[in-house]
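> Here it is, the structure in full.
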Ligand code: GDP
């Protein structure tokens, strides 16, 4: 555990997160000051992204995994990206009581992360919240996401290790797992490998292991395929060991740091887009010009290209 001067208790951490999530201008500025202050105390955790379709067992898994880590003397933060959006219609994660036992632990911090907001909304707030948790001395930060919208892609781009939870029964298409997600995975974990599903889980494991083998990736890490039972707390320790192994190899080869630096560069670009967007919206004359030009584009009296150009020139 890293000692840190910031956020000595969960309440003050929660308050800082609320500040970071606020949309008020003065709060934004205050939040930026806090973030700059804590920056030297960030980066010391392992950041793990976990995704999977509803019902795969994410909260059961994270609870078992988190409790295991706490037993090892770790402090664990769980940021659940809540995909409540106009498209998804209401909150998916927030309705039920999740991870009850974990949330009772003093060394656990669980927080839903709102996914609302414009461009890069999820990544933005969750990323900053992750930094706050690190400054508060959490050594493992888990970012959970339900595959709705773009959230998994964004989460994959802010973590060190990306874990996809799967069901024992079927291929990825049948599970509604989006194309490309498996390519982002550092590990596939087939959950519910217990009771009658045990055999099926092992078959799935074989199937995915073969698939990854065929990909013949030359990178330093071939994605692992494992099985577990979150309900029976089986193989949870082996999954943590695997993540530690990944961290060791990645750190020794310099890839760990390199990946984080590249993620920072990506984030900078995202922020820039967001700021430009904000500027465009805040400026009254640009807003009215945009409106007018949009009309012209709709009517076909102006091309999208020249309309966009006029707006950018005005900016
Ligand atoms: P989430 O929607 O992905 O967060 O999934 P939950 O953690 O809420 O789990 C969905 C259901 O699957 C619940 O009824 C769990 O009890 C059950 N479940 C989760 N993990 C396991 C497991 O390892 N084995 C079995 N048999 N059931 C599980």
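The values are calculated or read from the model by the stated rules, or taken from the named source; none is laboratory data. Keep in mind that this is a model prediction, so the values were computed, not measured. No Cβ is skipped: glycine too gets one built from the backbone with ideal geometry, and neighbour counts run over all protein chains shown.
> Can you tell me which of 193, 250 is touching a residue at least 12 places away in the same chain (Cβ under 8 Å), in a helix (DSSP H, G or I) and in contact with a strand residue (DSSP E or B) (Cβ under 9 Å, 6 or more places away or on another chain)? Steps first, please.
Numbers: 193 fails: in a helix (DSSP H, G or I).
Going through 193, 250 in turn, just one is touching a residue at least 12 places away in the same chain (Cβ under 8 Å), in a helix (DSSP H, G or I) and in contact with a strand residue (DSSP E or B) (Cβ under 9 Å, 6 or more places away or on another chain): 250.
> Could you please let me know if residue 149 is within 24 Å of residue 260 (Cα to Cα) and at pLDDT below 60? Outline the logic, then answer.
Details: within 24 Å of residue 260 (Cα to Cα): yes; at pLDDT below 60: no.
Against the criterion (within 24 Å of residue 260 (Cα to Cα) and at pLDDT below 60), residue 149 does not qualify.
> Another question, if that's okay. In segment 297-315, which residues are more than 19 Å from residue 283 (Cβ to Cβ) and assigned to a helix (DSSP H, G or I)?
First pass over segment 297-315, keeping only residues more than 19 Å from residue 283 (Cβ to Cβ): 297-306.
Within segment 297-315, 297, 298, 299, 304, 305, 306 qualify.
> In a helix (DSSP H, G or I) and either within 24 Å of the chain's Cα centre (by Cα) or within 16 Å of the ligand (Cβ to nearest atom) (or both) - does that describe any residue in segment 222-232? Can you show your working first?
Keep residues of segment 222-232 that are in a helix (DSSP H, G or I), which gives none.
Checked against the condition, which is being in a helix (DSSP H, G or I) and either within 24 Å of the chain's Cα centre (by Cα) or within 16 Å of the ligand (Cβ to nearest atom) (or both), segment 222-232 yields no hits at all.
> Within segment 61-81, take every residue that is within 12 Å of the ligand (Cβ to nearest atom) and under 18 Å from the mean Cα position of the chain (by Cα) and give me the one that is nearest to residue 243 (Cα to Cα).
First, pick out the residues of segment 61-81 that are within 12 Å of the ligand (Cβ to nearest atom): 61-65, 78, 80.
Among the residues that remain, those that are also under 18 Å from the mean Cα position of the chain (by Cα) are: 61-63, 65, 78, 80.
Details: 61: 15, 62: 14, 63: 17, 65: 12, 78: 16, 80: 20 Å.
Checking each candidate, the answer is 65.
> Any residue at all in segment 282-302 that is within 30 Å of residue 157 (Cα to Cα), surrounded by 14 or more Cβ atoms within 10 Å (Cβ to Cβ) and at pLDDT below 95?
No, there is no match, as no residue in segment 282-302 is within 30 Å of residue 157 (Cα to Cα), surrounded by 14 or more Cβ atoms within 10 Å (Cβ to Cβ) and at pLDDT below 95.
> Could we say that residue 81 is assigned by TED's automatic domain parsing to the domain that holds residue 159, within 16 Å of residue 142 (Cα to Cα), at pLDDT below 90 and not in a helix (DSSP H, G or I) here?
Spelling it out, residue 81 is indeed assigned by TED's automatic domain parsing to the domain that holds residue 159, within 16 Å of residue 142 (Cα to Cα), at pLDDT below 90 and not in a helix (DSSP H, G or I).
> Would you tally the residues in segment 26-60 being out of contact with any strand residue (DSSP E or B) (no Cβ under 6 Å at 6 or more places or on another chain) and more than 16 Å from the ligand (Cβ to nearest atom)?
19
> Which of the residues spanning segment 203-247 are at positive phi and either touching a residue at least 40 places away in the same chain (Cβ under 8 Å) or not assigned by TED's automatic domain parsing to the domain that holds residue 193 (or both)? Steps first, please.
Within segment 203-247, the first condition is being at positive phi, and the residues that meet it are 216, 233, 235.
Once the filter is applied, which keeps residues that are at positive phi and either touching a residue at least 40 places away in the same chain (Cβ under 8 Å) or not assigned by TED's automatic domain parsing to the domain that holds residue 193 (or both), segment 203-247 yields 233, 235.
> Hey, residue 238 hits all of (1) in a helix (DSSP H, G or I); (2) within 16 Å of the ligand (Cβ to nearest atom); (3) surrounded by 15 or more Cβ atoms within 10 Å (Cβ to Cβ) but one; which does it fall short on?
(3)
> Just checking, does segment 256-270 include any residue being in contact with a helix residue (DSSP H, G or I) (Cβ under 7 Å, 6 or more places away or on another chain) and under 26 Å from residue 24 (Cα atoms)? Quick ask: steps written out before the conclusion?
Within segment 256-270, the first condition is being in contact with a helix residue (DSSP H, G or I) (Cβ under 7 Å, 6 or more places away or on another chain), and the residues that meet it are 256, 267, 270.
Of the ones still in play, those that are also under 26 Å from residue 24 (Cα atoms) are 267, 270.
Checked against the condition, which is being in contact with a helix residue (DSSP H, G or I) (Cβ under 7 Å, 6 or more places away or on another chain) and under 26 Å from residue 24 (Cα atoms), segment 256-270 yields at least one hit.
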